[in-house]
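Please treat every number below as a calculation from the coordinates, not as lab data. On a predicted model such as this, the values are computed, not experimentally measured, just so you know. Every residue, glycine among them, receives a Cβ derived from its backbone with ideal geometry; neighbour counts consider all protein chains shown.
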Amino acid sequence: MEEGGFERIKSGLLRFVEEPGLAPNVRIIEAPSDDASNLFDQTDYLHIDGGHSMYNAAEDVVLHAKKVVPGGLIIMDDVEWQSTVPTVATLEIGRRIRTFLHAKGEPHA
Ligand SMILES: C[S@@+](CC[C@H](N)C(=O)[O-])C[C@H]1O[C@@H](n2cnc3c(N)ncnc32)[C@H](O)[C@@H]1O
């Protein structure tokens, strides 16, 4: 990542959370995902966009998907990658995820 890339991304995230007044509902945890899983019990919204290897994708789902409350939302990036498809399949078996159209209007795998 280019120099300052993480700081720029973090500033964008903070603006995204603060400007619409979402800060009271959002907790930002800066930690490796396996450490972070010990720091919260449940969430309404899970966005998985960590390492895309088969191991990392599976680890993120195993550690975090069970923490999403009933009726909560799981968003996962790049669900059609060869390395992420097996993990997505486990979520679909559990009826915990539904795929939808991406920006170009084509269905994800
Ligand atoms: C595909 S990038 C996505 C970054 C960000 N979501 C975005 O859209 O700009 C994946 C990021 O996850 C981080 N990452 C990978 N494995 C991680 C882990 N186990 N714990 C925390 N972060 C991890 C990487 O360093 C990288 O910054």
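Couple of notes before you dig in:
- Computed from the Cβ-Cβ distance with R0 of 30 Å, the FRET efficiency linking V69 to F6 stands at 0.55.
- Placing +1 on each Lys and Arg Cβ and -1 on each Asp and Glu Cβ, with no other charges, gives the stretch 1-46 a dipole about its Cα centre of roughly 160 debye.
- Inter-label distance for T90 and D77, nm, one decimal - labels placed 7 Å from Cα along Cα-to-Cβ: 2.1
- Model label sites at R15 and D41, defined 7 Å from Cα along the beta-carbon direction, differ in position by 3.7 nm.
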